[in-house]
Amino acid sequence: MAESLVVTPTYNERENVEAIAHAALGALESADYLFVDDNSPDGTGELLDRMASADPRIHVLHRPGKQGLGRAYVAGFLWALERDYRYIFEMDADFSHNPADLPRLRKLADEADLVLGSRFVGGIRITNWPLSRLMLSVCAAAYVRIVTGMPFADPTGGFKCYRREVIEEIDVPTLRSNGYSFQIETLHRAWIRGFRVLETPIIFEDRRSGVSKMNRSIVSEAMFLVGRLWVRSGLRRRPRGVHPRSIAARAAQ
Ligand SMILES: Nc1nc2c(ncn2[C@@H]2O[C@H](COP(=O)(O)OP(=O)(O)O)[C@@H](O)[C@H]2O)c(=O)[nH]1
Ligand SMILES: [Mg+2]
């Protein structure tokens, strides 16, 4: 079995899935690929089935209808936990995340439990985004920092590499959020439990084809979630200590 699994939720990504799978599996020889499709009306699901029957490294989960990115990732993470993958990646289908960055994220996961591809650490690196969308992301990041205490430049990013232990410890079935909130919620659970999180710079490009599923309700969901996370963690604004299963704990032994 491969060491890594790249998980990508898809909704109407027919124009992207073949190219992204080819690029990701070429870039990371030690990886399998799991797509989680929400019965895309454009036929992405059927195309993914054909890809999976032609390539044993490609897998597909089909869900009955559009339930949001968070639900799709939860299904994907549970699928990964039933198997022996050591490293589990989140990546979008639309080439906003560059598959050529996968080996670098994987390598950094030798020294961190969760590696975040960050659009903002050490400057802003987003190409072709409308200014409004950029401002939204920058403001969201500041808001998350102020309320939760999480010291990350880009807490809403969706290009990540988790060590398996993190996925095992963040209680995946109780993750409730979707959209941007899902990224904040998973990051907060890992960080507050004392896992080591590392941000590494990435260049984020606006999608090459297809349309974004971003909308207003995703934004308001995130606004509420951030407050809830802070309250749920007993108003704590920093981790209790190093998690016993963190790579940091093991290095200290
Ligand atoms: N399965 C599933 N995938 C989704 C859903 N919404 C978005 N996605 C996928 O999640 C990824 C990010 O979505 P995208 O529309 O690019 O959001 P943006 O990059 O924030 O504009 C893409 O691969 C989408 O196809 C959904 O409801 N279900
Ligand atoms: Mg996108």
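Annotations for the structure displayed:
- Restricting segment 225-247 to residues that are of a type in the set (A, V, I, L, M, F, W, C) and assigned to a loop (DSSP other than H, G, I, E, B), the residue that is surrounded by the most Cβ atoms within 10 Å (Cβ to Cβ) is Val242.
- Exactly one residue among Val219, Val226 is more than 12 Å from Leu116 (Cβ to Cβ), within 16 Å of ligand 1 (Cβ to nearest atom) and not basic (Lys, Arg), and that residue is Val219.
- Pair list, Cβ under 8 Å, 6 or more apart: segment 175-188 residue more than 12 Å from Val74 (Cα to Cα), other residue surrounded by fewer than 23 Cβ atoms within 10 Å (Cβ to Cβ) and of a type in the set (Phe, Trp, Tyr): Leu187/Phe152
- Test for Tyr73: is it within 18 Å of the chain's Cα centre (by Cα) and away from ligand 1 (no atom under 16 Å from the Cβ): no
- Residue satisfying condition, being at pLDDT 95 or above and away from ligand 1 (no atom under 16 Å from the Cβ), within set Arg86, Arg145: Arg86
- Members of segment 26-37 found to be more than 16 Å from ligand 2 (Cβ to nearest atom) and within 12 Å of Met91 (Cβ to Cβ), listed by number: Ala27, Leu28, Ala31, Tyr33, Leu34
- Count of segment 6-32 residues, restricted to those that are within 17 Å of Leu78 (Cα to Cα) and touching a Leu at 6+ places or on another chain (Cβ under 6 Å), is 3.
- Each residue in segment 111-134 was checked for being in contact (Cβ under 8 Å) with a residue 60 or more places away in the chain and either within 16 Å of ligand 1 (Cβ to nearest atom) or acidic (Asp, Glu) (or both), and 12 of them qualify.
- Hey, Leu105 at pLDDT 95 or above and of a type in the set (A, V, I, L, M, F, W, C) or not: yes
The values are calculated or read from the model by the stated rules, or taken from the named source; none is laboratory data. Bear in mind the structure is a predicted one, so any value in this text is a computation, not a measurement. Note that we place each Cβ from the backbone using ideal geometry, even for glycine, and neighbour counts take in every protein chain shown.
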